[in-house]
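S.K.: My structure is below; once you've seen it, I'll send some questions.
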Amino acid sequence: MIRLRETIEVPRPIDEVFAYVSNFSSTAQWDPGVVASRKISEGAVGVGTEFALRVRFGPRSVPMTYVVREYGPPKRVVLEGKGDSIHALDDIRFAPTPGGTRIAYTADISMLGAFSFAERWLDGPLDRVGKDAVRGLQAALTEERTPPGRSRLTDLQDRLIVPGLVGFTNVGYLWHKRNWKPLVVSLRGRTIVITGATSGLGRAAASQLADLGARVILVGRDPDKAEATRQEIVAMTGNDNVAVALADLSQLSDVRKLALKLLKDEPRIHVLVNNAGVLLNQRRTTAEGNETTLATNLLAPFLLTQMLLPRLRESAPSRIINVSSGGMYATGLALDDLQYEKGTYDGSRAYARTKRALVVLTEIWAEQLKDSGVVVHAMHPGWADTPGVAGSLPGFHTITRRLLRTAEQGADTVTWLAAAPEAAKVSGVFWLDREPHTTHVFPGTDPSPQERQQLWDALARLTGWKIAGSGKR
């Protein structure tokens, strides 16, 4: 047996440090010897919780399963790891210090089977691996984060189109992920509202945010589906602070009722995620007379956000996250035909128009809310394999299936924008994979100040929103 011992101090409170370290799904964020890590059992972390890891072993990686054997928050956790050729027992102890938390990490490692004879020669290499892991953990819990800035290389890739499109795929996600910093944060005490939360990106983001401890309110249309989603998220994360709010967001009357209910029931709202969206292959209108894509993708987030803004201001620091699409690059604002009444209806183009307008709204809100404690972001998830894509774009889905991201990969930037401290330091930015991107690739897609004001006035008129606002830039 080889015993590794390291002690470090980090400038964070003990409860926060214990929650992060004891959840071994985070190990790939800080341990360079771990290629991938995820929680594979349901419920909150505790005795019996299982994690699947892929650990570097020479030129290859090997699977290991870690199980929590002792769990005494916030002072001690013991995890046992098993693989075909290795056994590990990690005993991690925590103690408060005047400046934060002391972590004493002991790992007992035994080689198994044919590798047991080589154990005597692995003492030095494993000691280096252990030191690298603890240094990574210390950096993850110590470093101050600054928001990433736009890079010239990323701008060039976006403007060259094809490299930018590659970035939308799962290959792009994995490439971008290499440079991410650990997300070390607890969202306990934070309330997050997510629309379109019963499937696809919204459901994935809701689960990720609940796993970080937030109170999550799932906005959905179907009561049975919404309740089933709530129960699944509670079972997987162990966080029972997940609620349901019902609304058909294509109906402005429902949006108003939803906003009033949230204002009545929630004393604080810290994050609003405008995620709900539809892509229709034929033009439809709602009972209120609005084109359905426009109503769901643009009128609803405009009205809901405006009605919840007083609560978001009261709850500051708070955030608004608008889920857009890479398709918005292909179009500008269609101010003379917001309802898509002219010409032949194109569902993909109608969708892209609303997502372009949502990005413009993001910039308008960011300007209006400057220095208010409320930041506003737009993001696009890349090409993700969701029920919406499969149902609305079956040809695209079939052709690109092997390149599509998982819903969890697509939702990652939503979660990061909702949780990361550095994301609260900037506003009005368009993101993909935790990195700022240009909002305009083609000529004629950047609206003038007058066009921004026209958009704002049109949305205020269509939603019946009477409070004066400005779309000027």
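S.K.: Enumerate the amide H contacts of Ala36 below 5 Å, restricted to partners 5 or more residues apart or on another chain; note that Pro and chain-start residues carry no placed amide H.
M.R.: The answer is Arg54.
S.K.: Now a separate question. Would you work out the relative contact order for segment 339-473, in percent, from Cα pairs under 8 angstrom that are 6 or more residues apart? Each step should come with its number before you reach the end.
M.R.: Numbers: 125 pairs, mean separation 36.2, N = 135.
About 27 percent, as a whole number.
S.K.: Return the distance in nm (one decimal) between the two label points of a simple spin-label model at Lys131 and Lys264, each offset 7 Å from Cα along Cα→Cβ.
M.R.: Distance between label points: 6.3 nm.
S.K.: Given axes a ≥ b ≥ c from the Cα gyration tensor, I'd like to know whether segment 149-294 is rounded (a/c under 1.5), prolate (a/b larger than b/c) or oblate.
M.R.: Numbers: a/c = 2.11, a/b = 1.24, b/c = 1.70.
Oblate, since a/c reaches 1.5 and b/c is not below a/b.
S.K.: Follow-up. Using a 1.4 angstrom probe, figure out how much accessible area the chain has per residue, in square angstrom, rounded to the nearest whole. Spell out each step's value before the answer.
M.R.: On the way: 21310 Å² over 473 residues.
Value returned for the chain: 45 Å² of accessible area per residue.
S.K.: Helix-only mean residue ellipticity at 222 nm, the chain, DSSP H runs n ≥ 4 weighted -39,500 (n - 2.57), per residue, nearest 500. What is it?
M.R.: Numbers: 15 runs with 171 residues, N = 473.
Mean residue ellipticity, 222 nm, calculated: -11000 deg cm²/dmol.
S.K.: Given R₀ = 25 Å, FRET efficiency for Val166-Thr406 by Cβ-Cβ distance, to 0.05? Can you show the working numbers first?
M.R.: On the way: r = 17 Å, r/R0 = 0.69.
Plugging the Cβ-Cβ distance into 1/(1 + (r/R0)^6) gives 0.90.
S.K.: Given a Förster distance of 41 Å, report the FRET efficiency between Glu422 and Glu50 from their Cβ-Cβ distance, rounded to the nearest 0.05.
M.R.: Details: r = 32 Å, r/R0 = 0.77.
Given R0 = 41 Å and the Cβ-Cβ separation, E is 0.85.
S.K.: Given axes a ≥ b ≥ c from the Cα gyration tensor, I'd like to know whether the chain is rounded (a/c under 1.5), prolate (a/b larger than b/c) or oblate.
M.R.: Values: a/c = 2.11, a/b = 1.84, b/c = 1.14.
Prolate, because a/c is 1.5 or more and a/b exceeds b/c.
S.K.: A follow-up question, please. If I compute solvent accessible area with a 1.4 Å probe over the protein chains, what percent of it on segment 261-315 is carbon and sulfur? The partial results should precede the final answer.
M.R.: On the way: 940 of 2100 Å².
Accessible surface attributable to carbon and sulfur in segment 261-315 totals 45 percent.
S.K.: Another question, then. Show which lysines lie in cross-link reach of Lys257 when reach means a straight Cα distance below 21 angstrom and same-chain residues fewer than eight apart are skipped.
M.R.: Lys225, Lys466
S.K.: For Arg461 and Arg38, calculate 0.36 nm times their separation in residues minus their Cα-Cα distance, and state this gained length in nm to one decimal. Provide the component values of the computation, followed by the final result.
M.R.: Working: separation 423, 0.36 × 423 = 152.28 nm, distance 4.75 nm.
Computed gain between Arg461 and Arg38 is 147.5 nm.
S.K.: What do you get for GluC sites (Glu not before Pro) in segment 213-290 restricted to DSSP loop and a cutoff of at most 15 other Cβ within 10 Å of the site's Cβ? Working shown, then result.
M.R.: Details: sites: Glu227, Glu232, Glu288; in loops: Glu288.
Here the sparse-neighbourhood loop sites are Glu288.
S.K.: Got a number for the accessible area of Phe442? Probe 1.4 Å, square angstrom, nearest 10.
M.R.: Here the residue's solvent-accessible area equals roughly 90 Å².
S.K.: Now for a different question. Using a simple spin-label model with points 7 Å from Cα along the Cα→Cβ vector, what separation in nm is obtained for Ala390 and Ile8?
M.R.: 4.0
S.K.: Round to a whole number: what % of the accessible area of segment 339-473 belongs to carbon and sulfur, probe 1.4 Å? Don't skip to the answer; put the middle values down first.
M.R.: Values: 3110 of 5770 Å².
Reported share for carbon and sulfur atoms: 54 percent.
S.K.: Quick check: at a probe of 1.4 Å, how many percent of the accessible area of segment 216-258 sits on carbon and sulfur atoms? Don't jump to the answer; show the numbers that get you there.
M.R.: Details: 880 of 1940 Å².
It is 46 percent, rounded to a whole number.
S.K.: So if each residue of separation counts as 0.36 nm, and I subtract the Cα-Cα distance between Asn281 and Met1, what length gain in nm does that give? Each step should come with its number before you reach the end.
M.R.: Working: separation 280, 0.36 × 280 = 100.80 nm, distance 6.34 nm.
Residue separation times 0.36 nm, minus the Cα-Cα distance, leaves 94.5 nm.
The values are calculated or read from the model by the stated rules, or taken from the named source; none is laboratory data. What you are looking at is a predicted structure, and each value in this text was computed from that prediction instead of being measured. Cβ coordinates were reconstructed from backbone atoms using ideal geometry, including for glycine residues, and neighbour counts include every protein chain displayed. These area figures cover heavy atoms from the full protein model, side chains too; ligands, DNA and RNA do not enter into them. Shrake-Rupley method; radii C 1.70, N 1.55, O 1.52, S 1.80 Å.
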